[in-house]
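The values are calculated or read from the model by the stated rules, or taken from the named source; none is laboratory data. Note that the structure is a prediction, hence the values are computed from the model and not measured. Backbone-built Cβ (ideal geometry, glycine too); neighbour counts: all protein chains shown. Side chains are part of the model used for accessible areas, which takes the heavy atoms of the whole protein and leaves out ligands, DNA and RNA. Shrake-Rupley method; radii C 1.70, N 1.55, O 1.52, S 1.80 Å.
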Amino acid sequence: MISVEGLKVEFGVKPLFSDVAFVINDRDRIALVGKNGAGKSTMLKILCRQQRPTGGTISIPAETTIGYLPQVMVLQDNTTVREEARKAFAGSTEMKARLEEMNRQLTERSDYESREYMELVQRYTEEHEQYMMMGADNYEAEIERTLCGLGFGREDLDRPTSEFSGGWRMRIELAKILLQKPDVLLLDEPTNHLDIESIQWLEQFLAQSAKAVVLVSHDRAFINNVTNRTLEISCGNVTDYKVKYDEYVQLRRERREQQLRAYENQQKEIAEARAFIERFRYQATKAVQVQQKIRQLEKIVPIEIDEADNSAMHLKFPPCLRSGDYPIICEEVGKAYGEHKVFDGVNLTIKRGEKVAFVGKNGEGKSTLVKCIMGDIPYEGMLKVGHNVQIGYFAQNQAQLLDDSLTVFDTIDRVARGDIRLRINNILGAFMFGGEEADKRVKVLSGGERSRLAMIKLLLEPVNLLILDEPTNHLDMLSKDVLKEAIKAFDGTAIIVSHDREFLDGLVGKVYEFGGGKVREHLGGIYDWINSSVQTVHKVEMTKTVTGKDNSEKENEKKNNTSTISYQNRKEMMRCVSRLKKSIKDTEEKIEKMEEHISKLDKILCTPEGASNMEVVTEYTSTKLLLDKATDRWEQLSMELEKNKIKYLTN
């Protein structure tokens, strides 16, 4: 689909890429990985032709369509959400207008026998068939399904886009790209503005509906659930691993160990050869052997070792004073803005030392409750901050609140007190701002660098209650791991608002779910909550299937103590989902084997001998037919799985 050969990109003396080659095929799910600054975003811009390389060729067939979501884009704010999403179907709406005009002419004209009339009929028939094949009549339902999947409520669709924050408007742009159904999707950090449910919906969409995907993301769970191939940018080269991210990490570790062993052996061989040459250089009887050793040294190609990203911030929260047993107690807490009720009747108690997560869709009140705890906004009910509680707050927009005109050093120097001022350079070095980096202006820092700088400010005063609102935005995987371990080791209490499942996994022991104006407590980790939510939705879906009744009818039946779904039905439904997953996996393995076999046969058929070999031709044809059947089977199984398991995410 897209072929890259001999790619070279230079911004300075050292090339960013050199002699890079790879191919993007249909149905590829590619994770583009590498340390910060390796050139991941640059690669996406080159693939979508927004940036020209220094050298090499990018071959893209003329009919191939590409959809690109950058990290930052210019957003429109003069339409409603629905109208903006409708722009994805601009070609379809133009075709519909042409069909309506032709239909009007056919109705009004009476020269049925004329050549012009017959040509009009022919043109209308052809365009109408094309319109129907595109499924364009269903685009309104598709728009609604996609926007709701990305977190919008149906009541939001006719609101002006100007009423939404930048994050929500980025969702609209993502929806437009998905609705266009391009042949290749290029996504740069697509989960930055999504909540957990929307991320799960996007995972399923990309895994089942998209054609080819290349994405950059620091959400480990997301790329593991979506991708089946990893392209690593390292030392100006691209290495292709035909596995998902977690397997790539293991393979890369093994590959680097092999390179190190080979490098050590090569260095040993070189040292021995040089020692032999120096020892016998002036002995006539060893002249032939010396010349052989010299020629051997000249022929040796130095073994390169993959670059290891050892840059990571060293984070440890300082010891804190002991707080009261219950740092936060809420009783019947509520918050409303005019007639809009954010939440009410919130009752929760957070014990000293607990690590808890606030989760739920954006706009359901997670950050609002945090502001109530901080005393920044008024509220109803009783909210008690415990004895001797000292709060450290990392706001969602903390990185944007930094003064752009200051340097990194001055930013910390202005808030440091006492002996800490003598250790500013050491602290900055631990957060990867050593040397000349400390003299950078804040305005030139990347999103990740800003987040690290804001984190330093949080550490300057000892606190015993950490409140972190989306702390992992813009942090790379290594920095997120360091932050996670630091919070685990923190001896105080922590409230974490985050949509990053991998970050929350193993970190929190309690989850508070925000939704529908209520806050519900769930004991256990993040995946315990996700699994319980999935089972709850499965129960609702199965109830609809078994009884054919809506929510109000079910509520009436609950009042009458009538069970709408049995344990056996739920168990059978889960078995059905498991069987479908296994069948899909088996089919994917068969497809992969057949594609590999067809690729081998292709190479044989490209030779004169192979092209005339009827056995090879017959085998190629039969394998191709089997591949088509397997692909149809995979699509059928995926649709069935989506109906049984994913339907709730698209409603």
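Summary table
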quantity	calculated
All positions within region 76-120 that are in contact (Cβ under 8 Å) with a residue 60 or more places away in the chain and either open to solvent by 50 Å² or more (accessible area, probe 1.4 Å) or small (Gly, Ala, Ser) (or both)	Gln76, Asp77, Asn78, Ala85, Lys87, Ala88
Pair list, Cβ under 6 Å, 6 or more apart: region 279-293 residue open to solvent by less than 70 Å² (accessible area, probe 1.4 Å) and modelled with pLDDT of 80 or more, other residue of a type in the set (Val, Ile, Thr) and in a helix (DSSP H, G or I)	Phe280/Val290; Val290/Ile277; Lys293/Ile277
Those residues of region 190-228 which are of a type in the set (D, E, K, R), touching a helix residue (DSSP H, G or I) at 6+ places or on another chain (Cβ under 9 Å) and under 20 Å from Ile66 (Cα atoms), in sequence order	Glu203
Long-range neighbours under 6 Å by Cβ, at least six apart or interchain, first residue within 14 Å of Leu186 (Cα to Cα) and touching a residue at least 12 places away in the same chain (Cβ under 8 Å) within region 34-48, second aliphatic (A, V, I, L, M) and open to solvent by 20 Å² or more (accessible area, probe 1.4 Å)	Cys48/Ile66
Unmet criterion (only one of (1) part of a loop (DSSP other than H, G, I, E, B); (2) at pLDDT 80 or above; (3) not charged (D, E, K, R)) for Gln396	(2)
Test result for Phe358, surrounded by 17 or more Cβ atoms within 10 Å (Cβ to Cβ), within 29 Å of the chain's Cα centre (by Cα) and either part of a strand (DSSP E or B) or free of Cβ contacts under 8 Å to residues at least 24 places away in the same chain (or both)	yes
Near pairs, Cβ below 9 angstrom, 6+ apart or cross-chain, from region 496-513 (on the phi > 0 side of the Ramachandran plot) to any residue that is hydrophobic (A, V, I, L, M, F, W, C) and surrounded by 21 or more Cβ atoms within 10 Å (Cβ to Cβ)	Gly506/Ile526
Those residues of region 403-441 which are under 25 Å from His218 (Cβ atoms), at pLDDT below 85 and surrounded by 15 or more Cβ atoms within 10 Å (Cβ to Cβ), in sequence order	Ile427, Leu428, Gly429, Ala430, Phe431, Met432, Phe433, Glu437
